[in-house]
Amino acid sequence: MTTTAALDVPIDTDAISSAIQTDGITAAKQAFSREWVEQLREDVEAAFTEARSREGGAVGRGPNRYYVEIHPEALRGFVDLVDHPWVRAVCETVLGPDYQIVEVGFDIPFAGAVNQPWHRDFPSPRETLEDRRLTSLAFNVTCVDTAEDMGPFEVAPGTHWDTGEDFEHGMFPPKSAYSRYEELAVRKYPQMGDISARSALTVHRGTQNHSEKSRPVLVLGIDAPGAGNDEKHDLAVTKAFWEALPERVRAHLSCPVVDELTPITQKHTIEGLVMGEA
């Protein structure tokens with residue numbers, strides 16, 4: 001584990017709550033040092049090389065775009081990330097004090113990645129549809145400075161409240177609705193050290209990467225108690241890693257503690273993303 005690389009950022013829980021409720025996304029600029037992000041990219045690239053060396057290690061999310069789920073200890077900065085005061089504040093504000101870490105992974109669009117179809121990451125749960133209560137968050141940390149030609153992430157603010165009743169598999173809006181999302185769309189250009197948090201229900205897409213560069217992004221998935229997304233993931237930690245974790249982190253990590261880690265075979269396939277936008 002590294003010494004902390006967290007930088008001080010403003011924490012306004014009212015503003016966090018308002019942004020998530022209204023737009024479905026919020027962010028903090030320069031929450032981490034560039035040196036910490038450079039180390040993060042090293043770990044992500046090493047994990048991607050390992051994942052691509054075996055069957056099922058990486059899953060396609062469209063042409064030249066991959067997703068890989070990893071175990072927490074693949075990241076030297078795992079504790080720095082999950083114990084960052086802003087991350088904790090967002091989780092507690094939106095999901096309550098007993099939130100759980102359920103996913104650690106990364107998405108990499110390479111040169112030639114195309115526009116994804118507009119989508120959300122899973123169907124809207126009953127708690128959101130009936131009670132307007134969000135039960136999960138996805139944090140993103142860019143490993144590079146994002147430029148216009150690198151296929152920036154695009155989000156349609158406010159769409160986390162869409163019922164999705166006409167979405168294919170509850171996730172993909174019909175193409176007849178695309179004009180609305182394109183009118184709402186905001187492109188994000190995060191720089192090294194920035195972090196965002198969003199509802200995975202907020203309709204979004206990765207855009208075409210016109211550059212010759214990759215754009216790796218770390219993904220941290222957090223659930224409210226009982227949300228159930230942990231069933232889609234295979235996080236585990238070794239006993240030595242678990243014992244070295246701060247108690248404040250262990251309280252939010254309910255994954256198996258094992259003698260030896262088993263490489264993760266990806267199972268969170270989103271079939272509608274495999275081909276990219278038609």
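The values are calculated or read from the model by the stated rules, or taken from the named source; none is laboratory data. Every value quoted in this text rests on a predicted model; they were computed, and no experiment measured them. Here Cβ is always computed from backbone atoms with ideal geometry, including for glycine, and neighbour counts include all displayed protein chains. Areas reflect the complete protein model, heavy atoms only, side chains present, ligands, DNA and RNA absent. Shrake-Rupley method; radii C 1.70, N 1.55, O 1.52, S 1.80 Å.
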Criterion first (assigned to a strand (DSSP E or B) and either in contact with a helix residue (DSSP H, G or I) (Cβ under 7 Å, 6 or more places away or on another chain) or of a type in the set (Phe, Trp, Tyr) (or both)) does Ile20 satisfy it?
no
Return the total of residues in region 223-266 being outside any loop (DSSP other than H, G, I, E, B) and more than 17 Å from the chain's Cα centre (by Cα).
14
Does Val44 satisfy the condition of being surrounded by fewer than 22 Cβ atoms within 10 Å (Cβ to Cβ), of a type outside the set (Asp, Glu), touching a strand residue (DSSP E or B) at 6+ places or on another chain (Cβ under 7 Å) and closer than 18 Å to Leu235 by Cα?
no
Does region 106-117 include one or more residues that are open to solvent by 20 Å² or more (accessible area, probe 1.4 Å), assigned to a strand (DSSP E or B) and within 21 Å of Pro190 (Cα to Cα)?
yes
Just to be sure I understand, how many residues within region 49-79 are among the hydrophobic types (A, V, I, L, M, F, W, C), open to solvent by less than 20 Å² (accessible area, probe 1.4 Å) and either under 17 Å from Pro263 (Cα atoms) or touching a His at 6+ places or on another chain (Cβ under 8 Å) (or both)?
5
Candidate set: region 160-170, residues that are in contact (Cβ under 8 Å) with a residue 40 or more places away in the chain and more than 17 Å from Glu127 (Cβ to Cβ); chosen: the one surrounded by the most Cβ atoms within 10 Å (Cβ to Cβ)
Phe167
Output the number of residues of region 118-138 satisfying the condition of being open to solvent by 10 Å² or more (accessible area, probe 1.4 Å) and in contact with a Phe, Trp or Tyr (Cβ under 6 Å, 6 or more places away or on another chain).
0
All-but-one check, Ser211 against (1) part of a loop (DSSP other than H, G, I, E, B); (2) open to solvent by 80 Å² or more (accessible area, probe 1.4 Å); (3) modelled with pLDDT of 95 or more, failing number (2)
Within region 172-201, take every residue that is in contact with a helix residue (DSSP H, G or I) (Cβ under 8 Å, 6 or more places away or on another chain) and surrounded by fewer than 22 Cβ atoms within 10 Å (Cβ to Cβ) and give me the one that is nearest to Cys255 (Cα to Cα).
Gly193
Any hit, region 148-159, residues being touching a Gly at 6+ places or on another chain (Cβ under 7 Å), open to solvent by less than 10 Å² (accessible area, probe 1.4 Å) and not in a strand (DSSP E or B):
yes
Pairs please, first residue from region 184-196 and without any contact (Cβ under 8 Å) to a residue 24 or more places away in the chain and part of a loop (DSSP other than H, G, I, E, B), second anywhere and among the aromatic types (Phe, Trp, Tyr) and open to solvent by 60 Å² or more (accessible area, probe 1.4 Å), Cβ atoms under 7 Å, 6+ apart in sequence or on different chains.
none
Residue tally, condition in a loop (DSSP other than H, G, I, E, B) and under 18 Å from Arg120 (Cα atoms), over region 55-105:
2
Options Ala15, Ala5; residue that is surrounded by fewer than 22 Cβ atoms within 10 Å (Cβ to Cβ), of a type in the set (A, V, I, L, M) and free of Cβ contacts under 8 Å to residues at least 40 places away in the same chain
Ala15
Tally time: how many residues in region 218-244 are touching a Pro at 6+ places or on another chain (Cβ under 9 Å) and open to solvent by less than 20 Å² (accessible area, probe 1.4 Å)?
3
